[in-house]
There are 2 protein chains.
Amino acid sequence: MNPTLKRVIFAIAGAAAGLLISFIFFADLNKGDQNASANQSKAEKVFVPYGEKDEYYMMASGGHSGQLFVYGLPSMRKIRTVPVFTPDPATGYGYDAKSKEMLGGYTWGDFHHPAISETAGDYDGQFLFANDVGNNRVAAVDLETFHTVDIMSLPNMGGPHAGVFVTENTEYIALPTRFARPLDGQFAPLDDYESEYKGVVSMTTFDREAKKFDLAYQIVLPPWSYDLSDAGKKMSSDWIVMTTYNTEFATTNLEINASQNDRDYIVLLNWKELEKQVAAGNYKDVNGAKMIDPREHKGAIYAVPVAKSPHGVDVTPDGTRFIAAGKLAPMMTVFSFQKAFDAIEKGEFTDEKYGIPVLNYEDVMEREVDPPGALGPLHTQFDDRGNAFNTMFISSEVVKWNVDTGEVIDRQPSYFSPGHAAATEGDTVSPDGKWLVALNKIAKDNFLSVGPSHPESMDLYDISGDKMEHIMAVPVDPEPHYAQIIHRDKIKTITVYPKDEARPNSVWKQDDARIERNGNEVHVYGIAMRSRFIFDAKADRPDAVTVKQGDRVFFHMTNIDLDQDITHGFGINEYDLNFEVQPGQTSTLEFVADKAGVYPIYCTNFCSALHQEMSGYLLVEPK
Amino acid sequence: MNPTLKRVIFAIAGAAAGLLISFIFFADLNKGDQNASANQSKAEKVFVPYGEKDEYYMMASGGHSGQLFVYGLPSMRKIRTVPVFTPDPATGYGYDAKSKEMLGGYTWGDFHHPAISETAGDYDGQFLFANDVGNNRVAAVDLETFHTVDIMSLPNMGGPHAGVFVTENTEYIALPTRFARPLDGQFAPLDDYESEYKGVVSMTTFDREAKKFDLAYQIVLPPWSYDLSDAGKKMSSDWIVMTTYNTEFATTNLEINASQNDRDYIVLLNWKELEKQVAAGNYKDVNGAKMIDPREHKGAIYAVPVAKSPHGVDVTPDGTRFIAAGKLAPMMTVFSFQKAFDAIEKGEFTDEKYGIPVLNYEDVMEREVDPPGALGPLHTQFDDRGNAFNTMFISSEVVKWNVDTGEVIDRQPSYFSPGHAAATEGDTVSPDGKWLVALNKIAKDNFLSVGPSHPESMDLYDISGDKMEHIMAVPVDPEPHYAQIIHRDKIKTITVYPKDEARPNSVWKQDDARIERNGNEVHVYGIAMRSRFIFDAKADRPDAVTVKQGDRVFFHMTNIDLDQDITHGFGINEYDLNFEVQPGQTSTLEFVADKAGVYPIYCTNFCSALHQEMSGYLLVEPK
């Protein structure tokens, strides 16, 4: 059959199935009295009364907002937007010198997949890592403060979509590329795609003490697209699995040309083995990265055929299996790590691609699970009783099935087209089987309308029983791609930054606030406190700063209110500047005073009954 | 008594009262079984089951985020962040040519007080206006699309905090300044504050057809600080009332020096009279603004003394009274418009300040309402039964009282320190008395902790009964200052932008997609559709664009998917660019291709099962 025709038929069938299921679901939800009582019970499940807290944090990607969205579960209320890849005046992120430098001049990122740091395969709640598909970066958020503490740019990449996922003890944070590009930022025409364009995997490490990334090494791969990856666990903990699409090497109109092959690949990487190769010097330096090439360095990279254009591949909590969800093939495929290891040991390969031995599908595959009418499987999550949960993008539902038997246990509709799902502690060796959230794509207008672009939505399911229970759908800003859900007991925050008198530029005594001039640099060592700024303790007006037009001005501000939640903002009217200092924090704002005149300075973050009075002036004398 | 000492005693007393009330409240909420049933009932009140929608939109300011936060009531779930003063890659705002120009190079704003357009004193649901205290701007959001459609910079202003409020038929959107500055961007030292610094009120108009602001005129006032204002209604509809503080002309340490006088002023402006003076040419041109000076043009501006440092002044729904809430004086003061008009007519003034006749407090005041222990009143809202609701910042509660009698009817604690409150339809001539939301400042750690900066919080009260019922507290990103709540029936959105073939740069047929070169300008007239980009219909690769390093590139993109919620994003990897086209929309991205190499282009907003395949390339040939 003509592939375009096939695609059309497939799409229509999918839409029809989705409609039918939505209809049944909707009808079911309108049964009257019976429903009133069901809604009452649902309402109680998610209501968090005053004085109590949510049980889980959901750390959701903010997509092309570039930020991290933190939700509470089960209330599903958003608790905080944590800026990661995009400046955020609400917290001054990207304005103070440190965060501005971290952002490196970029104004946005495309944050797809958060990963919480792990110890022995469990979320340890210390750090959260994020990928930037837009501008090829990786970031770390410190979960003591919920502040982004490091961002690293990755060379040779074209959108590290298939990250981030961490190995069992966070030895590596892996980021495979989505779009093939020529290495080293070189130019090459698309006619040379197969020879000159490459897929690259970045293996980064993170020093928890120094709070710093390092690019350990990269792996050059054929110009396939890498969609999602996962790290092994327990018996498979040395391995990483990654999905591929566009093994057709299409360079245009991918919606048709990259969907031709019946099979794409899951790529298996042995990072312990690759680490040895790097240690042995078996790499080339490419644009500052240690690059390993499977054509030259064997024994660490293999491929397994998989149903076409898979989106996700996920490792089971016990580490014995990896499950691919075939976006364009209506089934989940369970693969056995042991079978793969056996085949590798026996050297039973059917082919070699770009130096990568290809295993026989039948040798590694354990089971194909194909629930009738379930279309567009995207992502697999797990509970604590051996079950898997798959989102079905096209038939708009979640399917629960048993990993050992393949038995389909339950199917529940979702609000609209679900992409990823996140279960409580779902990516660990010990998921707890309480809640599942489906992160939906596209939305019909079931929330209050805000114009042509509808709110995205998320579905909350109670998965603690045999059957799943759909509790509610909630709106969300664009656009969570993935989330991880961690129990609140694992997150240990600080309330106030420690009073560190040795901290550079910090000022803790009011009398020490001062202004120092050095040529055309003006350094203000100042204090923010309830409810005033002190820039120069000895001046008649301690809250005014006079500079000359063209001076480079540094405001080094310390917040000496060592009290819960007393954050001070610092905005300069008409100068397009705003940053903040949290309790006990010291931050620096640097700018050139290029406009003459009088500019009010004021606290932008409500801090006390006299917050409105917390202001001063920047006076810029004309040249 | 020494004023500092007074202040300290006051603060301690306030904190103690707040603690006591919080304690009683908290104790009350932990009474066990009785509570379980109360919580059940609260849970049901706010649960919006699948298939149903919230009844109200709450349009909340996003403070120094610069954005509008849209919530649904009663669920209190955030539905959408609408970018207004700050770029937002999640929607491409500030990246496409039109919104980039509107932002004028500014990267943030400080959005304090939203105002929905009114007709005959009722919200008409057409537009929402916003002030930018940070960078002196006013913005309009079209509530058909929830898109910002115009932003105007205001000359001579120093933070238009006391806006925006609209007159009864949106004749004017008024913005009084908060910080006094020299006019016309001039430099003057702080020693010349009283003579050279000015407070300015901007009176702007908005053309609903052209969707454009105009600055009608400005009023120069003494260098007091203007905090909040409100427009009259019905019998008072020609008038505007504004609060002042720092009538002491303090230039440093305002927390003490601007709190010396026992009385500040409410300023009354007759905008109908001012309009006539402008029409008669009674103004000076200052920096492009028609400036009226009360020292020269009499008969439109008056002042009434009021308890020190008031925050809010609000006009009652029937327009007969204005109520000041004295931040540093523990009472609400009810003033009578009729009494003010009578005194003005009789010419009974006690003083004149800067050409402004000062009325006698006793002549205009109708009632002082002083609930025992209620401290820090900030803002007044209304129901449909003659009652007012005041937030108490220091004693952390909401007080309900009768406007006609002054009788205190109920007091309910708030989560923490409430700033503004918003009642359903609360600023109109016909509030409906269903719900009240208190927007709190500072927070104790009663939500899941996200480090030293806690989530802000909002309290929801059911005000439909005699007594208020506190339903829940919900977290919110920094920092809503004020909100308006409008019934959903008044908001009429569009689903898809109309297919307008005459629209400049639009392309509706795939065959018309083309690339035109003009010198070093490259214009791409392209199409975004499920699931591909078409830049050049005649090329071998219609989704690739090749330019030369240094070219100025214009992507004019039209989304021809005229379907609900099919928004396409457009990101260029490593080029720090991302914008979107909503269904039926045409937008332009303009940039200089200054980096040579190969840059993937991809759809950043999930649009279909083959969204991942919706990509192309920008090839930049090296110079």
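The values are calculated or read from the model by the stated rules, or taken from the named source; none is laboratory data. Keep in mind the model is a prediction, meaning the values are calculated, not measured. Note: ideal-geometry Cβ built from the backbone for every residue, glycine included; neighbour counts use all protein chains shown. SASA here: full protein model, heavy atoms, side chains in, ligands and nucleic acids out. Shrake-Rupley method; radii C 1.70, N 1.55, O 1.52, S 1.80 Å.
Per-structure values
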| quantity | calculated |
| --- | --- |
| Distance in nm between pseudo-label sites at B:Asn360 and A:Asp207 (7 Å out along the Cβ direction from Cα) | 7.7 |
| For the stretch B:445-494: span of alpha carbons on each principal axis (Å, largest first) | 40, 38, 17 |
| At 7 Å out from Cα toward Cβ: A:Asp540 inter-copy label distances (nm, ascending) | 7.7 |
| Value at 222 nm in deg cm²/dmol, rounded to 500, when DSSP H runs of n ≥ 4 in the protein assembly as shown each add -39,500 (n - 2.57) | -3500 deg cm²/dmol |
| Peptide A:176-184 - average C-beta neighbours from other chains (10 Å radius) | 3 |
| Out-of-range pairs (alpha-carbon distance over 23 Å; input B:Lys42/B:Lys78; B:Lys276/B:Lys308; A:Lys78/B:Lys400) | B:Lys276/B:Lys308; A:Lys78/B:Lys400 |
| Copies compared at B:Lys353 - label distances in nm, ascending, label defined 7 Å from Cα in the Cβ direction | 7.8 |
| Whole-number D in µm²/s for the stretch A:363-426 (Stokes-Einstein; Kirkwood sum over Cα pairs; 37 °C, 0.692 mPa s) | 274 |
| Nearest-to-axis residue of chain A, judged by beta-carbon position, where the axis maps A onto B, in Å | A:Ala43, 2 |
| Of all accessible heavy-atom area on chain B, the percent that carbon and sulfur account for (1.4 Å) | 48 |
| Cleavage-rule hits (GluC sites (Glu not before Pro)) in the stretch A:405-506: DSSP loop, at most 13 neighbouring Cβ within 10 angstrom | A:Glu407, A:Glu501 |
| Kyte-Doolittle mean at least -0.5 and Cα axial length at least 27 Å: DSSP H helices in chain A | A:3-28 |
| Stokes-Einstein diffusion coefficient of the stretch B:68-370, Kirkwood radius over Cα pairs, 4 °C, 1.567 mPa s, in µm²/s | 65 |
| Per residue accessible area of chain A, 1.4 Å probe, in Å² | 31 |
| Sites A:Gln338 and A:Gln34 - FRET efficiency at Förster radius 60 Å, r taken between beta-carbons, to 0.05 | 0.80 |
| Amide H partners (placed H, <5 Å) of A:Gly312, local residues excluded | A:Ala325, A:Lys327 |
| Pseudo-label separations to other copies for A:Ala502 - Cα-to-Cβ vector, 7 Å, nm | 7.4 |
| Sparse-neighbourhood loop sites, chymotrypsin sites (Phe, Trp or Tyr not before Pro) in the stretch A:203-303 - DSSP loop, at most 10 other Cβ within 10 angstrom | none |
| Distant-in-sequence amide H partners of B:Ile471 (H built 1.01 Å from N, under 5 Å) | B:Leu460, B:Tyr461, B:Asp462 |
| Interface size A-B, as summed buried accessible area [1.4 Å probe, Å², nearest 100] | 13000 |
| Average silhouette area of the stretch B:69-131, convex hull of alpha-carbon atoms, in square nanometres | 5.5 |
| Label point distance in nm, A:Lys444-B:Thr495, each placed 7 Å from Cα along Cα→Cβ | 1.0 |
| Kirkwood-Stokes translational diffusion coefficient of chain A, alpha-carbon pairs, 20 °C, 1.002 mPa s, µm²/s | 82 |
| Hits among lysines - C-alpha to C-alpha of B:Lys490 under 17 Å, sequence gap 8 or more where chains match | B:Lys53, B:Lys434 |
| Peptide B:376-383 - average C-beta neighbours from other chains (10 Å radius) | 0 |
| Long-range Cα-Cα pairs in the stretch B:406-472 (distance over 13 Å), rounded percent | 67 |
| The stretch B:301-364: C-alpha pair distances exceeding 15 Å, % | 52 |
| Length-normalised contact order of chain B in % [C-alpha pairs under 8 Å, at least 6 apart] | 10 |
| Reciprocal of mean inverse Cα separation for the stretch B:407-548 (Kirkwood radius, Å) | 20.5 |
| log10 of Debye I(q)/I(0), alpha-carbon scatterers only, for the protein assembly as shown at 0.07, 0.08 Å⁻¹ | -0.69, -0.89 |
| Cβ neighbours within 10 Å from other chains - mean over A:41-47 | 6 |
| Relative contact order, percent, the stretch A:68-370 [alpha-carbon distance under 8 Å, six or more residues apart] | 10 |
| Burial of 50 Å² or greater, the stretch B:554-578 residues [accessible area, probe 1.4 Å, versus chain by itself] | B:Gln564, B:Asp565, B:Asn573, B:Glu574, B:Asp576 |
| Packing rank of B:275-282, A:134-141, B:198-205, where each peptide gets the mean count of other beta carbons within 10 Å, highest leading | A:134-141, B:198-205, B:275-282 |
| Reduced Cα scattering model of the stretch B:510-621, Debye log10 I(q)/I(0), q = 0.14, 0.15 Å⁻¹ | -0.49, -0.56 |
